[in-house]
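Please read the structure below before turning to the comments.
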Amino acid sequence: MTPTPAWLDLDRDGGDLAGQIYRSLRDRILLGQLPAGHKLSSTRAFAASLGVARSTVVEAYDRLKSEGYIEASAGAATRIAALARMRPERQQGDRVPVKEESPEQPPYRALFRPGAPDISDFPHAVWSRHLAARSRSLRIHHLGYEHATGIRELREAILEHVSVTRGVVAEPEQVMIVPSTRAAIDMLARTMLRRSGRRAAWMEDPGYPAARLLLGDAGAEVVPVPCDDQGIDVSRMDGPQPALIPALIPALIYVTPSHQYPTGATLSLPRRLALLEAARRHESLVVEDDYDSDFQYGSRPIAALQGIDKAEVVAYVGTFSKVLAPGLRVAYAVVPRWLVSEASEALHRRGVAVSTHVQAALADFIDEGRLRAYLRRMNQQYAERMARTIGMLESHFGGRLFISGGNGGLQLAAWFRDETVDDRAVVAKVNASGYGLMPMSGFFIGKSAPGILFGISQAEAAAVQRLAADLKAVL
């Protein structure tokens with residue numbers, strides 16, 4: 001049974017008691033202090049021992065179960081799942097040509113363009129007020145050169161947001177403000193390639209074409225790692241086999257674990273732990289691109305990979321381009337402590353910066369609760385639009401297409417059941433009517449499969465009906 005909860009010191013004034021219980025149990029599971037097969041107390045008994053409501057413990061258990069840490073079934077005890085044990089400290093590790101072709105980017109305002117938020121709902125009046133106020137009254141210390149990594153107010157606001165919503169654990173000094181995720185990926189890639197002396201960079205296949213090109217531009221040899229409905233599978237590169245040849249040992253590993261781009265898959269817990277262990281063993285940096293995970297439909301989002309990283313091998317990258325609007329040009333990277341100095345120097349050297357009055361206005365926007373309110377509203381709207389798109393595809397094209405993802409994010413992948421279909425030709429014909437669809441085959445480095453990637457942010461009822469008719473005409 002679960003030990004007496006003396007080790008679980010709840011901060012009863014800190015709120016989110018279910019989250020505190022979840023994180024405490026999760027950390028002990030990852031460190032092996034609660035081993036596989038260990039029987040947990042019933043929710044009623046555990047709640048009584050802690051002096052909290054049973055519903056609080058039920059919420060914590062449900063979250064652990066949904067993320068794969070515990071197993072439970074009707075009439076059976078709740079037990080710890082069989083997982084790889086985390087190693088808490090960073091240790092010394094033991095010491096494919098890529099096609100540059102990528103899917104053509106459709107016009108930003110094209111209907112059903114993947115990855116594009118609906119900026120018609122952007123809170124213009126509120127944002128303008130914050131921006132005007134900060135433009136008139138910037139503090140003198142914001143106007144110098146000393147904020148190459150971003151002003152402290154914004155770094156603190158971002159950290160508070162991602163710690164609550166994504167489980168990120170860091171200090172404000174670890175947060176770097178950049179104009180885009182591309183700038184963050186470029187900075188991290190160049191820093192790690194120089195630091196490690198290696199050239200290999202592992203990447204999901206299929207994966208984000210812009211990241212592939214950025215890694216190549218930085219001097220990396222991109223190595224495709226297969227990705228399926230459980231996410232990237234590093235065992236295909238790093239399993240129980242002879243040691244990797246030196247040329248394949250990665251300087252960094254680029255992943256989109258919460259909503260894999262483009263498939264929409266969520267990286268399973270066993271594979272998360274395998275990825276972290278591979279990075280620790282090879283002294284590699286995992287670049288976790290969490291580009292649109294603020295949008296989650298129907299369930300609570302799984303915690304960020306960075307939040308369970310005990311060896312400090314993960315750099316967490318996020319953006320406000322997908323959350324609010326691309327025109328803001330604000331993104332961020334939360335880097336491990338050992339990389340702070342080099343990352344700061346790289347940003348300063350390259351002159352990659354965001355206007356300080358935009359940073360200050362965004363900090364005010366977050367601190368006032370405007371971001372939280374906006375996300376609540378857009379999650380509801382995007383959930384309806386995702387469901388509407390899925391319903392249309394299943395109703396009209398269920399015999400031709402099968403769907404993956406759809407639980408969150410701004411895009412939806414649909415695959416042709418007939419693998420001989422030329423998805424590029426299909427997409428080109430449909431897009432001639434003003435759409436921004438993308439062919440799935442263009443996201444692969446190795447052997448590809450045909451399909452279509454749909455953006456859902458503008459999937460109003462009339463637009464979905466029109467798309468159904470135009471897609472029928474082509475197919």
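Among the residues of region 191-221, just one is basic (K, R) and crowded, with 22+ Cβ neighbours inside 10 Å, namely R212. Residues in region 324-353 that are more than 18 Å from Q174 (Cβ to Cβ), over 20 Å from the mean Cα position of the chain (by Cα) and charged (D, E, K, R): R349, R350.
Whether a residue is surrounded by fewer than 20 Cβ atoms within 10 Å (Cβ to Cβ), at pLDDT below 95 and not assigned by TED's automatic domain parsing to the domain that holds F295 was assessed, and A425 does not pass this test.
Yes/no per residue for (1) at pLDDT below 90; (2) acidic (D, E):
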| site | (1), (2) |
| --- | --- |
| P103 | yes, no |
| R109 | yes, no |
| R113 | no, no |
| I140 | yes, no |
| Y145 | yes, no |
| A148 | yes, no |
| E153 | no, yes |
| V162 | no, no |
| P172 | no, no |
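Conditions tested, residue by residue: (1) at pLDDT 70 or above; (2) over 24 Å from V168 (Cβ atoms); (3) part of a strand (DSSP E or B).
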| site | (1), (2), (3) |
| --- | --- |
| G19 | yes, no, no |
| S24 | yes, no, no |
| D27 | yes, no, no |
| G37 | yes, yes, no |
| A48 | yes, yes, no |
| D62 | yes, no, no |
| K65 | yes, no, no |
| L83 | no, no, no |
| E100 | no, yes, no |
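The values are calculated or read from the model by the stated rules, or taken from the named source; none is laboratory data. Keep in mind that what you see is a predicted model, and the values were worked out from it rather than measured. Because the Cβ atoms are built from the backbone with ideal geometry, glycine has one as well, and the counts that use them run over all protein chains shown.
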